[in-house]
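S.K.: My structure is below; once you've seen it, I'll send some questions.
The values are calculated or read from the model by the stated rules, or taken from the named source; none is laboratory data. Being a predicted model, the structure only gives us computed values, none of them experimental. When we count neighbours, we look across all protein chains shown, and the Cβ atoms used for this are built from the backbone with ideal geometry, even at glycine. All accessible areas refer to the heavy atoms of the entire protein, side chains included, with ligands and DNA or RNA removed. Shrake-Rupley method; radii C 1.70, N 1.55, O 1.52, S 1.80 Å.
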Amino acid sequence: MKLTQTKRLERLKERYQNGGMDRRTFLGLTAAAAASAGLMTRWSGPALAAVTEVRFDGWGGTVQEAIDKFAFQPYTKKTGLKVVQGTFGDENEVITKVKTSNPGDFQIIHSSGTEYYKKYVDGGWVSEINEANIPNMVNVMAAMIEPFRKLTPKLSAVPYDYGTTGIAYNTKVISPEEAKEKGANLLIDKKYTGKIGGFGDKNTRVWYAALQTGQSPNDIKDIEAVWAKVRESRDMAKKYWSSGAELMDLLSKGEIVVTDAWSGRIAALQEQGHPIGYLDPPGSYAWMEDMLILKGSPMAECEELCNFMLEPATAIAVAEGQSYPPSLDPNKVKLTEKIAKLPAFDPTGTMKALTFADPNYWAEHDAEWQKQWDRISKGA
């Protein structure tokens with residue numbers, strides 16, 4: 001009898017760590033089962049102790065500062081639950097760490113869209129959130145939820161904000177007319193050799209090279225032509241940046257005069273008074289960010305935090321602070337004039353004007369393209 005109860009307790013623990021039940025239910029069921037069998041569970045100490053903190057990993061810089069100031073600090077003041085924070089410049093860094101970590105070591109990731117969501121799904125690291133515990137999701141744009149639900153009907157993520165990787169340029173050197181005329185090819189204009197930047201990741205380099213060869217980034221027919229453009233860009237670039245903070249630093253100091261760039265970081269530079277223009281050429285890389293809850297996380301607390309972050313007042317304050325539009329549907333929630341002026345903002349709530357990566361297409365080519373990008377970035 002004791003062996004059977006022990007197995008039952010272990011199954012309950014596994015189900016909880018996989019996100020199959022919330023913490024309160026887990027505590028009640030395990031306490032009752034253990035008491036009836038006269039057992040002490042091996043996890044009855046630290047694992048069943050009251051949760052006092054939640055771990056969050058995000059993009060750092062102005063984005064994370066806004067989230068901390070307008071969401072995490074008020075949440076901690078309200079609930080007493082501390083949010084322990086980590087940062088990354090490239091989400092693949094976190095994925096590498098998650099692969100070798102224990103469930104629960106990483107909990108909420110400020111993740112970058114469905115192509116990354118699929119990586120977590122394929123790795124078996126996702127949870128299943130109880131949407132009833134996040135009632136503010138009713139205000140999230142359906143157009144942002146649907147792509148995630150196509151990958152997992154039971155969501156592991158809450159869409160939170162969105163933006164584009166467009167083209168930023170120094171208006172003292174490049175006019176808006178020139179930027180618009182040249183579009184994606186501005187990033188490989190020979191007269192700006194040595195003053196060009198770019199995000200040093202495979203996705204962005206392939207995406208813009210596809211546009212420069214007249215191809216759809218979601219349906220590339222001639223990948224060799226794309227790699228030729230990637231090499232051309234590499235040879236002209238002064239530096240490929242690896243974080244939003246580095247992007248802002250390079251532009252603000254005039255070390256580069258044109259680069260692909262994250263829309264929110266450019267909005268922040270413009271607000272600071274820097275002479276930086278921004279253009280989304282046809283087909284520019286759009287993305288949706290989400291709060292991804294990983295397997296093994298304290299689900300009830302993570303769900304409560306995500307719901308707090310989606311409160312209209314909180315989400316609007318964060319959006320204005322980080323300069324990225326919120327996932328809130330403008331047809332359901334009145335947004336501010338400042339948000340309406342942000343780059344990439346969609347006043348329709350349909351997202352139809354933005355081009356997103358097809359997660360299945362990009363997953364199919366991920367390993368092959370990453371290997372080739374790694375070679376090219378090293379000079380091949």
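S.K.: What distance in nm lies between label points placed 7 Å from Cα along the C-beta direction at Lys341 and Asn360?
M.R.: Output for this residue pair reads 4.2 nm.
S.K.: Roughly how tilted is helix 202-212, in degrees to the nearest 10 and between 0 and 90, from the longest Cα axis of the chain?
M.R.: Roughly 40 degrees between the two axes.
S.K.: I need the phi-derived Karplus couplings for segment 239-250: 6.51 cos²θ - 1.76 cosθ + 1.60, θ = phi - 60°, integer Hz, Gly and Pro marked x.
M.R.: Karplus-based 3J(HN,Hα) across segment 239-250 equals 6, 8, 7, 10, 7, x, 5, 5, 4, 5, 5, 4 Hz.
S.K.: Still on this structure, please answer the following. With angles folded into 0 to 90 degrees, how steeply does helix 23-37 sit against the dominant principal axis of the chain? Use alpha carbons for both and round to 10.
M.R.: Between helix and principal axis, roughly 30 degrees.
S.K.: With angles folded into 0 to 90 degrees, how steeply does helix 142-151 sit against the dominant principal axis of the chain? Use alpha carbons for both and round to 10.
M.R.: Long axis of 142-151 versus the principal axis of the chain: about 70 degrees.
S.K.: Quick one: with all protein chains in place, what share of the accessible area of the chain is carbon or sulfur, to the nearest percent (1.4 Å probe)?
M.R.: Of the solvent-accessible surface of the chain, carbon and sulfur hold 51 percent.
S.K.: Which value at 222 nm does the chain reach when only helices count, each DSSP H run of 4 or more adding -39,500 (n - 2.57), with the total divided by all residues and rounded to the nearest 500 deg cm²/dmol?
M.R.: Dividing the helical sum by the residues of the chain leaves -13500 deg cm²/dmol.
S.K.: Let me ask another. Provide the gained length on full extension for the span Ser377 to Asp219, in nm with one decimal, where the gain is 0.36 nm per separating residue minus the Cα-Cα distance.
M.R.: 54.6 nm
S.K.: Also, I was wondering about something else. Using mean Cβ contacts within 10 Å as the protection proxy, how do 59-71, 197-209 order, highest first?
M.R.: Top of the packing list down: 197-209, 59-71.
S.K.: Then there is this: In terms of modelled amide H atoms, which long-range or inter-chain residues lie less than 5 Å from the amide H of Lys195?
M.R.: Lys238
S.K.: On to the next question. For segment 294-360, what is one quarter of the convex hull surface built on the Cα atoms, given in nm²?
M.R.: About 6.2 nm², averaged over all directions.
S.K.: Mind giving me the FRET efficiency for Thr171 and Asp105? R0 is 45 Å, r the Cβ-Cβ distance, nearest 0.05 is fine.
M.R.: About 0.50, to the nearest 0.05.
S.K.: Taking amide H atoms as placed 1.01 Å from N in the peptide plane, list the residues 5 or more away in sequence, or in a different chain, whose amide H sits under 5 Å from that of Val54.
M.R.: Long-range HN contacts for Val54: Lys82, Val83, Val84.
S.K.: Please work out how much length the chain gains when fully extended from Asp249 to Val51, using 0.36 nm per residue of separation minus the C-alpha to C-alpha distance, in nm with one decimal.
M.R.: Here the answer is 67.4 nm.
S.K.: May I ask you to list the residues of segment 82-124 whose amide nitrogen lies under 13 Å from a point 7 Å from Cα along the Cα→beta-carbon direction of Ser242?
M.R.: 88-94
S.K.: Rolling a 1.4 Å sphere over the protein heavy atoms, what is the accessible area per residue of the chain, to the nearest Å²?
M.R.: That works out to 43 Å² for each residue.
S.K.: Let me ask you something else. Rounded to whole Å, give me the distance from the Cα center of segment 76-142 to that of segment 225-286.
M.R.: 27
S.K.: On to the next question. Could you give the length gained on full extension between Glu178 and Ala132, defined as 0.36 nm per residue of separation minus the Cα-Cα distance, in nm?
M.R.: Length difference between fully extended and current span is 11.5 nm.
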